[in-house]
Amino acid sequence: MLPGGEVGGVAEGEWYRLFTTMFLHQRGGSFGITHILFNMWALWAVGPALEQVLGRWRFLALYVLSGLGGSVLLYLVGSPADSAVGASGAIFGLFGAYFVIGRRLGGPVGPIVVLLVINLVITFSVPGISWQGHVGGLAVGAALAAAYAYAPDARRRLFHIGAPLAVLVLLAVLVMLRTAELSPSV
């Protein structure tokens, strides 16, 4: 909310904020550079293995839509004044995807479960962390990975193209519904 009770940001057409937040970071704060370093370490640790299994375009769709999913969940359940920056939603999406694909391929998923539990405990116990960004990214990443990993052989291409598009449409519809709720005149 803007001073005077007006609605601003995404509700006033600045939809790009849902996307660009993944590429920004807050200076200082409780974590500062440590937060960026942990996100980049996580991207380095799980990203290459996922990209190798999924391919460049599916990996990119997973990463971007997971980050967007985190932003959308914050927009849906937060107050209009809430905001968050960082790549954590996208990183949590990669964690969820790593778990789902690891299970599908019969690989060891214990380490990613431990990493997820530690990060979720931090998410919900440290003030100032956007749990919505983390949970939204995790949910979208896991769901999209399930569509990739469990697609029927006969329709694999359809699922691999259709699932990210369906997720994008769903997220867009949720944003439109929330915007209409916040700004009935829009």
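Report yes if some residue within region 101-115 is over 15 Å from I129 (Cβ atoms), surrounded by fewer than 19 Cβ atoms within 10 Å (Cβ to Cβ), of a type in the set (D, E, K, R) and at pLDDT below 90; otherwise report no.
no
I need a count of the residues in region 42-51 that are exposed (fewer than 14 other Cβ atoms within 10 Å of the Cβ) and either in contact (Cβ under 8 Å) with a residue 40 or more places away in the chain or over 17 Å from S66 (Cβ atoms) (or both). Can you show your working first?
Of the residues in region 42-51, the ones exposed (fewer than 14 other Cβ atoms within 10 Å of the Cβ) are 44, 48.
Adding the requirement that they be either in contact (Cβ under 8 Å) with a residue 40 or more places away in the chain or over 17 Å from S66 (Cβ atoms) (or both) leaves none.
Of the residues in that region, 0 qualify.
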Problem - Sole exception among (1) at pLDDT 85 or above; (2) more than 14 Å from V175 (Cβ to Cβ); (3) not aliphatic (A, V, I, L, M) for T34, by number - result: (1)
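Return the only residue of G96, G107 being over 19 Å from the mean Cα position of the chain (by Cα) and either among the hydroxyl-bearing types (S, T, Y) or under 23 Å from P48 (Cβ atoms) (or both).
Every option except G107 fails the conditions.
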Exercise for the section: Would you check if there is a residue in region 71-89 being at pLDDT 95 or above and either in contact with a strand residue (DSSP E or B) (Cβ under 9 Å, 6 or more places away or on another chain) or within 20 Å of T34 (Cβ to Cβ) (or both)? Expected result: no
Exercise for the section: Working only within region 157-186, note down all residues that are in a loop (DSSP other than H, G, I, E, B) and without any contact (Cβ under 8 Å) to a residue 60 or more places away in the chain. Expected result: P184, S185
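For V175, are the conditions met, namely being under 16 Å from S66 (Cα atoms) and loosely packed, with under 15 Cβ neighbours inside 10 Å?
For V175, the condition - under 16 Å from S66 (Cα atoms) and loosely packed, with under 15 Cβ neighbours inside 10 Å - is not met.
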Exercise for the section: Name the one entry in A180, A163 that is farther than 30 Å from L37 by Cβ, crowded, with 21+ Cβ neighbours inside 10 Å and not basic (K, R). Expected result: A163
Completion exercise
How many residues of region 52-73 are aliphatic (A, V, I, L, M) and open to solvent by less than 20 Å² (accessible area, probe 1.4 Å)? The answer is 4
Problem - Residues being among the acidic types (D, E) and buried (at least 16 other Cβ atoms within 10 Å of the Cβ) - total across region 137-160 - result: 0
Fill in the blank from the handout: Residue pairs qualifying under the 6 Å Cβ cut-off, at least six apart or on distinct chains, with the first in region 117-133 being modelled with pLDDT under 90 and the second being open to solvent by 90 Å² or more (accessible area, probe 1.4 Å), are T123/W131; G128/S30
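The values are calculated or read from the model by the stated rules, or taken from the named source; none is laboratory data. Keep in mind that what you see is a predicted model, and the values were worked out from it rather than measured. All Cβ positions, even for glycine, are placed from backbone atoms using ideal geometry, and neighbour counts span all protein chains on display. Accessible surface areas use protein heavy atoms only, side chains included; no ligands, DNA or RNA. Shrake-Rupley method; radii C 1.70, N 1.55, O 1.52, S 1.80 Å.
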